[in-house]
Amino acid sequence: MTLDSPRFLARCPGFDPGPMDPNRNIIIVRKNQLEFLTDKQQLDYYEHRKKCLGWLLRMGKDPEKAKGYSPYTVAGTADRMARCDLWCWENRGGYSIPTTEEDAKAYMEKVAFEDVVESTKGKRMEALLRYNKWLQHRHGADEWEFKWTFKSGGGNTGPRDFLSREERRKIRQAALGKDGNPNYGVENFEEKADSWRYTSLVWTSLDAGLRPIEVGRAKVSWCDTDNGVLRIPREESSKNEGNWTVGLTDRTTTALERWLEERAEHPKYEDSERVWLTRHGNRYGSNQLRRLLVDLCDRAGIEHENRQMSWYTIRHSVGTYMTKERGLAAAKAQLRHRNAKTTMKYDQVPVEDRRDALDKMG
């Protein structure tokens, strides 16, 4: 796309706002941003935003079904994202893309105390979460966690869907089935069943609530199977706050121990400290893990079509039931939260327990 001058309003090419609001342009670079950026930065930012906004239009609402948001929604989201970007440049050290989780949190800290209605604050947070969704899809970024729970009017920023106790049990069994039985008689290691790989990955995540980035980063040195824990050092923690010791059940510890023994004989892991690698020898990311979970759900007969199913669904189930069984402090430690307010979103009673309470109430 040709830019007529360094000062421009760039509309996303190839997309029509449609009849909902024919005068609503999707602005890629705002006028007040141009005053802050050099010519090179303008072009760099334009290309970055064009990719993001185009993805939101084409598939951002439901990537698995290639279903995007309406142009009207993307126009509003683009405006709110741009406000955050400009504030970060002015207050967080100059022009930089992509926006980091730390910068987004600093911006929302400012927004939280503005004299505006809650829905306005909620829509600004919602825009940042959509941007983060694209970063996860495009760059394998981690999911952002905000301590605020503003409502945008179309939903809230509370916990996403989580696995029930019965679904957690079914997912464990499905992981065993996906691994199959080890066949040590074959000559080609790659043709052998994966034995304990999926089981150890899934079961460890079910216990520790591993974030996608933590699955990718996990090292053999984290695994203390003698004591049934993961020891995640500060420099490896996805939130970089402190050393974490995360408990594992006996059955998960056994599965992990068996996998570590097996991976030691696997040529793919000869030059790697990673606990788990994909079949192609790469780290696991959000997309691969989501596909794995969906496959496990299909194997287990778990409905997922109308649910926000991602690897965080496992993590949210850990937070929900750990809070119920042992309280917020235990959930905070197991999920490695820096701030207790983040854990508080799991302080909810599952629907099956509410039904039991109603039955008892008569």
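The values are calculated or read from the model by the stated rules, or taken from the named source; none is laboratory data. Since the model is a prediction, treat every value here as computed from it, not as a measurement. Note that we place each Cβ from the backbone using ideal geometry, even for glycine, and neighbour counts take in every protein chain shown.
Identify, from the list Leu296, Leu260, the residue that is closer than 26 Å to Gln136 by Cβ and among the aliphatic types (A, V, I, L, M). Break it down into steps so the answer makes sense when it comes.
Working: Leu260 fails: closer than 26 Å to Gln136 by Cβ.
After ruling out the rest, the residue left standing is Leu296.
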Only unsatisfied item for Gly247, checking (1) surrounded by fewer than 19 Cβ atoms within 10 Å (Cβ to Cβ); (2) at pLDDT 85 or above, is (2)
Criterion first (over 11 Å from Thr225 (Cα atoms), more than 22 Å from the chain's Cα centre (by Cα) and either in contact (Cβ under 8 Å) with a residue 12 or more places away in the chain or in a helix (DSSP H, G or I) (or both)) does Glu262 satisfy it?
yes
Which residues, taken from region 316-329, are hydroxyl-bearing (Ser, Thr, Tyr) and either modelled with pLDDT of 70 or more or surrounded by fewer than 23 Cβ atoms within 10 Å (Cβ to Cβ) (or both)?
Ser317, Thr320, Tyr321
Options Asp347, Asp298, Asp271, Asp356; residue that is modelled with pLDDT under 60, exposed (fewer than 14 other Cβ atoms within 10 Å of the Cβ) and of a type outside the set (Gly, Ala, Ser):
Asp356
Kindly provide the set of residues from region 301-315 that are surrounded by fewer than 22 Cβ atoms within 10 Å (Cβ to Cβ) and either modelled with pLDDT under 85 or within 15 Å of the chain's Cα centre (by Cα) (or both), ordered by number.
His304, Glu305, Asn306, Arg307, Gln308, Met309, Ser310, Thr313
For Leu56, the lone unmet condition from (1) in contact (Cβ under 8 Å) with a residue 60 or more places away in the chain; (2) surrounded by fewer than 20 Cβ atoms within 10 Å (Cβ to Cβ) is (2)
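For (1) among the acidic types (Asp, Glu); (2) outside the structural domain of Ala127 (by TED's automatic domain parsing); (3) at pLDDT 90 or above, each residue gets a yes or a no:
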site	(1), (2), (3)
Thr2	no, no, no
Ile26	no, no, no
Glu35	yes, no, no
Met59	no, no, yes
Among all residue pairs at least 6 apart or on different chains, which show Cβ distances below 6 Å where the first residue, located in region 143-158, is of a type in the set (Lys, Arg) and the second is modelled with pLDDT under 80?
Lys147/Asn339; Lys147/Lys341; Lys147/Thr342
(1) closer than 30 Å to Glu102 by Cβ; (2) loosely packed, with under 13 Cβ neighbours inside 10 Å; (3) over 22 Å from the mean Cα position of the chain (by Cα); (4) not polar (S, T, N, Q) all hold for Pro233 apart from (3)
Test: Glu166 is among the charged types (D, E, K, R), out of contact with any Cys (no Cβ under 9 Å at 6 or more places or on another chain), closer than 30 Å to Arg299 by Cβ and not in a helix (DSSP H, G or I)
no
What pairs can you find where one residue is in region 106-133 and not assigned by TED's automatic domain parsing to the domain that holds Trp87, the other is part of a loop (DSSP other than H, G, I, E, B), and their Cβ atoms are less than 8 Å apart, with a gap of 6+ or different chains?
none
The conditions are (1) modelled with pLDDT of 90 or more; (2) within 14 Å of Arg258 (Cβ to Cβ), and Asp194 fails exactly one of them. Which is it?
(1)
Any residue in region 278-290 that is modelled with pLDDT of 85 or more, more than 24 Å from Arg169 (Cβ to Cβ) and among the β-branched types (Val, Ile, Thr)?
yes
Could you count how many residues in region 98-117 are more than 19 Å from the chain's Cα centre (by Cα), surrounded by 14 or more Cβ atoms within 10 Å (Cβ to Cβ) and of a type outside the set (A, V, I, L, M)?
1
Within region 81-117, can you find the residues that are at pLDDT 90 or above and charged (D, E, K, R)?
Arg83, Asp85, Glu90, Glu101, Glu102, Asp103, Lys105, Glu109, Lys110
